[in-house]
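Only one structure is covered here, and it is reproduced in the block below.
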Amino acid sequence: MTQLGGRVGEFSDRLGYVRATVPTGKVTALAGLSSVRAVDLNETFKSPDPSPVTATDKKSRASTGITPAAPGKNTPADNPCLPTGETGATDLTAAHPAWDGRGVTVGILDTGVDGAHPALQKTTTGSPKIKNWVTATDPVTDAGSMKIVVAKLPAV
């Protein structure tokens, strides 16, 4: 196992069971060993489409020919695209205008952060939003690639 670059995660002599991780290119060689009775691949998951456009939206557009305008810099905080009014966020920011998050560091654990997305490039004051990017998983032993993004908004 180790000669093939694999790592044993768990084993039971009583059951004759070994759970190990082996580089993809070595699975065939591992399966060909006389001491290996079976090889099982962990389930592979397809990431869901992150698009906010649903199948219903697409059908509606096709039948009416109307495409609603996307939110922009002039979209009011209380708008139909986000539940900011329903959650009380617009009332909170109106009552506390200085509470805008500047000087706050935020850590995000996510597998789908796109650091190249325009919304993650710069703050309203021109400072970079993303201060650090760390891969927190082992690409050989972990199925996903969890990223930790640390963003610090500039102080006022």
Flagged in region 52-110 as modelled with pLDDT of 75 or more, over 28 Å from the mean Cα position of the chain (by Cα), over 22 Å from residue 125 (Cβ atoms) and open to solvent by 100 Å² or more (accessible area, probe 1.4 Å), in numbering order, are 91
Residue 38: passes all of (1) over 31 Å from the mean Cα position of the chain (by Cα); (2) assigned to a helix (DSSP H, G or I) but (2)
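The values are calculated or read from the model by the stated rules, or taken from the named source; none is laboratory data. Since the structure is predicted, the reported quantities are computational estimates derived from the model, not experimental observations. Cβ coordinates were reconstructed from backbone atoms using ideal geometry, including for glycine residues, and neighbour counts include every protein chain displayed. When the accessible area is computed, the model is the full protein with side chains, heavy atoms only, and any ligands, DNA or RNA have been set aside. Shrake-Rupley method; radii C 1.70, N 1.55, O 1.52, S 1.80 Å.
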